[in-house]
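The values are calculated or read from the model by the stated rules, or taken from the named source; none is laboratory data. Just so we're clear, the structure is a prediction, and the values are computed from it rather than from any experiment. Counting neighbours? That spans all protein chains shown, and the Cβs are built from the backbone with ideal geometry, glycine included. What goes into the accessible areas is simple: the full protein's heavy atoms, side chains included, and nothing from ligands, DNA or RNA. Shrake-Rupley method; radii C 1.70, N 1.55, O 1.52, S 1.80 Å.
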Amino acid sequence: MEKDRIKQAYLDFVRNEGHPPQSVFKLTQQLGLAEAEFYKHYPNFDAIDREIWADYGRQAREAAAAEPVWEGYGSREKLLAFYYTLLEILKNNRSYALMSLRRSLRRIPALSPRVLDDFRQDFEYFVGDLLSAGRVSGEISNRPLLQEGYPRFFWQQALFVLGYFAKDDTVNFERTDAAVEKAVTLSFDLVGRNTLDSAVDFVRFLVRK
């Protein structure tokens, strides 16, 4: 399939040269394709970058969900499994991942990297499903006024994980693994039943009385 050939050739070029090809023409010439063939599949190189990151997220979700223990996991464990699987994928593609993130951050500093736009959309849908299942099981407290914003809250967590991974210089990125566990534990402590929920229930009880 020509689309896959184009994406793989682009990825190989970036890994080898440390930057995207000078032009679409240069890349398609290398592949023996007409330049117009590229534009049947992608508008520009940025679109390939966004798709590659979306692929990483999809591969992580599918690989984590394929494990026999997945169905027995609660929402917290499923998110942890996703992150750990994603990190394994990123370890195998670290050079490309860091280059693409840094290029995007230079263009729009202090905001979510544009290269993660498609990854983010899929991630927020995934987290939304986990949170819905968690509310059904009681793992997550039902807070109608707040829970609509939870996927965005968890997206900030994902950015923290990616940023930590990018800066981690420990052997096999062990500190990133620890950071993931602590971040996920804290987030589920915040969205689960806690002292605030108990206080609200107590006030409701007193008002009804």
Checked pairs for region 158-183, first closer than 23 Å to residue 123 by Cα and small (Gly, Ala, Ser), second part of a helix (DSSP H, G or I) and open to solvent by 50 Å² or more (accessible area, probe 1.4 Å), C-beta under 8 Å and 6 or more apart or across chains, list as 158/120; 179/160; 179/164; 183/160
By residue number, the members of region 166-209 that are at pLDDT below 85, farther than 22 Å from residue 137 by Cβ and open to solvent by 100 Å² or more (accessible area, probe 1.4 Å) are 202, 204, 205, 207, 208, 209
Scanning region 28-61 residue by residue, those over 24 Å from residue 121 (Cα atoms) and either open to solvent by less than 20 Å² (accessible area, probe 1.4 Å) or not polar (S, T, N, Q) (or both) turn out to be 28, 31, 32, 33, 34, 35, 36, 37, 38
Discussion item. It is to be established whether one or more residues within region 66-88 are under 21 Å from residue 180 (Cβ atoms), more than 16 Å from the chain's Cα centre (by Cα), open to solvent by 40 Å² or more (accessible area, probe 1.4 Å) and in contact (Cβ under 8 Å) with a residue 60 or more places away in the chain.
Written reply: no
If we ask which residues in region 12-22 are assigned to a helix (DSSP H, G or I) and exposed (fewer than 14 other Cβ atoms within 10 Å of the Cβ), their number turns out to be 4
- prompt: Just to be sure, is residue 101 of a type in the set (A, V, I, L, M), surrounded by 18 or more Cβ atoms within 10 Å (Cβ to Cβ) and modelled with pLDDT of 95 or more?
  reply: no
Residue 38 being modelled with pLDDT of 95 or more, more than 27 Å from residue 175 (Cα to Cα) and touching a Ser or Thr at 6+ places or on another chain (Cβ under 7 Å):
yes
Residues of region 3-15 being without any contact (Cβ under 8 Å) to a residue 40 or more places away in the chain and more than 17 Å from residue 91 (Cα to Cα), in sequence order, are 3, 4, 5, 8, 9, 10, 13
Q. If you check residue 25 against the conditions, is it open to solvent by less than 80 Å² (accessible area, probe 1.4 Å) and more than 16 Å from residue 93 (Cβ to Cβ)?
A. no
Counting only helices (runs of 4 or more DSSP H) entirely within region 26-95, those with at least 3 residues that are farther than 16 Å from residue 9 by Cβ are 45-65, 75-91
